[in-house]
Each structure stands twice: as C-alpha cells, then as structure tokens.
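What follows is one structure encoded as structure tokens, with my remarks underneath.
Throughout, read-outs are computed from the coordinates displayed, never taken from laboratory work. Because the structure is predicted, anything quoted here is derived from the model rather than measured. Every residue, glycine among them, receives a Cβ derived from its backbone with ideal geometry; neighbour counts consider all protein chains shown.
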Amino acid sequence: MTAAVTTSVDLAALKRRHLLADVVESAGVPLRGRGRVRQGVCPFHEEREGSFTVYGDTERWYCFGCGEGGDVLDFLQRLEGLSLPEAIRRLDSAPPSAVRRKPVRPPRADTATTFQRDPSLLTAAARYYGGELRRSGEARAYLASRGIGMEAAARLGLGYAPGQGLRRFLTSKGFGKERLKTSGLFTGRGERFAGMVVIPEVAGGRVRWLGGRAIDRERSPRFQGLPGPKPTLGSGRLEASPPWAVVTEGIFDWLVLAQWGLPACAALGTQGLERIAGALRGCPRVFIAFDSDAAGREAAARLGGLLGPRGATVTLPGGVSDVAELAATSQGRAVFERLLLRAARDAA
C-alpha cells in the first residue's frame, strides 16, 4: 500500500506545494520569526521553552526538547496519528489550512518556568535512577535486548525511571520545591522520564544532563531530554585532546561504542551540527558514523564539511541502518573496527 501511494504521487512536488512552516502554523502551532529558522512550542510533548524548530532551507523540523524531527509528512503523521499513505493523501487532496487542531498557546512570560541545569540535583537523580534499574527486570531485559550489559550500564551511569518516587527521594536529600520545579525532571503529568531508561551526560564527575528512551516500543515520543540545549552526549567522558573519536547519531549507537571502550559521542539527532564540530575541535580525527538513511547521509556530509580534513565518514554495510544494529550482528565489533580502518585510509 505504501509503495503504491508513494509511486503515484510526486513527493518532491507535493512538499513544494505544502511548505512545512505553512502546515505547522495551519495546525495551530505559532512560529516566531520570519527567517530561515523559526521556532515554536512543540505540539508533541509538554514544554514551555519553544524548542520546536522549523528550518526553511531544508524543509525539516526538529524539537530540541523531545528529540523528534522530520519533514512535513512526518509532522502530519505525528500530529494526526496517520500512516504515511494517509498523510500523503491528506496533503495531496487538501490545502495545508485544512490540517487543523487546537492552537498551542505559548505561556505567559510571567508564568513560564526557567529551567536550570543543577548538577548536584541531577547527580542525585541519576543515583536514584541507577538504583531503580537494578530493581527493574523489565528495564534490564530491554537493555540486554539492545546489546547493553549491566557492567556497561553501571559504568556509564544508566538508570531507569519507574514514574514514581523521584520527588520523594530528592526531597529526602534536601532539595527544595523551587529546585525541583526548575530542574526539568517533572512535567504537569508527573516525572518526565517515567517508563524510560535514563542516560546521563557526565563531565567532571557530575551529571550535567539527562535523556531518556522509552522501553515500551509503542510509546511516543520514544525519546525525552531535559529542556534546553542538548549536549554532545559522551563528550564529557573523552580525554582532553583525544587522538580520535567516533560521533554517532543516536543514544544506543553511542552506548554500544562506549561499551566496547571506543572513544565516542552522540549527536542526538541530525541538527545542531555546529555544536558537534565545536565539541570535537581538539580531536585530529573524527569518524562520522551516522545512520544510513537519507537524513543520516545528509547530516554526515554537512558535518564532514564543518570538520574539513579531520572528518572521515564510516560507511555501514548494506542493509544495516545504524551502529546499534550492526552491533547486534555476529562479529559486529570486528566489522566496525574494519570500517574505521577503511574510513581512515579513504580520508588519508
């Protein structure tokens, strides 16, 4: 069904007729600005910061709060719960203004919460999540299914958020209501990372950021991050001037490489590549191992341009979508190390 629809419709022409910013605003999401980059409140998770970003030059969107992104069809699928063929038919048969929902109103300036990255509080929260991971057979089984063992989970500070108990734990450690309110760990519905494996970004022995991945594969969004800018995950664990490092696209790609003991970090998506290049500016060789889909290849090319001769692109074998999938194959680590050598030779 999908193939029949996509082959009968010129998708490039369809997207030109229905510009992303027009569809987003017609759906009730006001966007600030009129330039190449516009922002608004994300309709897919609870936030006040306006992390939802529309890029006019690429006709793609990305939310720095929940980590979701895509093109106009991805937006419409998420917004209305449509399949790809249904989203194509919706755009092909109606103007963008027909895609309507209740407007997402930005908060009043006097009621908006200013979130603070509080290393002491986040370190305590990560300690709590770590204890809950040890108690949750379901969360440990999920990590095992993704190729992550408990030794590596403990070393990397992974945890699990059952969805209750965090506030009581932090309060018992002396953290007051205001610090909890501005931590970003809680939303109007409860704990931000409820039902998720929690991954910390650690620098200088303290937790600076937390992200979560839902263990329920049907849950949406699958990824959550603390409000505000995302880090280059894992960069805080690299030595000051590493001779080389691998940058991946997703969390589990990075977790696999970190479990193998390879110097690595994760971009956490395909946007904000200038941040990645800046985080690795002291590294003379950067291997780019992004996903093999079109968005991953495009982002790898853009990052390679930012890195210049320091960058080397790792080409995954045919049929393998990302590093985590390669790791699940027999001899995955040996294959990846051969790919690194090949990329280094090609870049020399």
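General observations
- You can think of it this way: the chain between R275 and A348 has 23.8 nm of extra reach, that is 0.36 nm per residue less the Cα-Cα gap.
- Taking every C-alpha pair closer than 8 Å and separated by at least 6 residues, the mean separation divided by the residue count of the chain gives a relative contact order of 12 percent.
- Within the same chain, aspartates and glutamates fewer than 8 places from K15 are excluded, and of the rest, those with a Cα less than 20 Å from its Cα are E25, D57, E59, E68, D71, D74, E80, E86, D92, D293, E298.
- The orientation-averaged projected area of the convex hull spanned by the Cα atoms of the stretch 147-234 comes to 6.8 nm².
- Counted residue by residue at 0.36 nm each, then reduced by the alpha carbon distance between them, the extension gain from L341 to Q164 reaches 59.1 nm.
- Sites K173 and R36 - FRET efficiency at Förster radius 45 Å, r taken between beta-carbons, to 0.05: 0.50
- In the chain, the ratio of gyration radius to Kirkwood radius, Rg to Rh, stands at 0.97 when only Cα atoms are counted.
- Extents of the stretch 214-301, largest first, come to 40, 27, 26 Å (Cα atoms, principal axes, whole angstrom).
- Environment charge of A139, counting only residues whose C-beta is closer than 13 Å and scoring Lys/Arg +1, Asp/Glu -1: +2
- Highest-first packing order for the peptide set 280-293, 164-177 is 280-293, 164-177, based on the mean count of other beta carbon atoms within 10 Å.
- Peptides ranked, highest mean first, by Cβ atoms within 10 Å: ranges 73-85, 29-41: 73-85, 29-41
- Selection from I215, G157, T248, by position along the positive dipole direction of the chain (Cβ): G157
- Cα-centred dipole magnitude for the stretch 196-278, charges only on beta-carbon of K, R (+1) and D, E (-1), debye, nearest 20: 220
- Using the average count of surrounding beta-carbon atoms within 10 Å as a protection proxy, the listed peptides 17-24, 252-259 rank, highest first, as 252-259, 17-24.
- For the stretch 208-249, the dipole from Cβ point charges (+1 on Lys and Arg, -1 on Asp and Glu) about the Cα centre works out to 120 debye, to the nearest 20.
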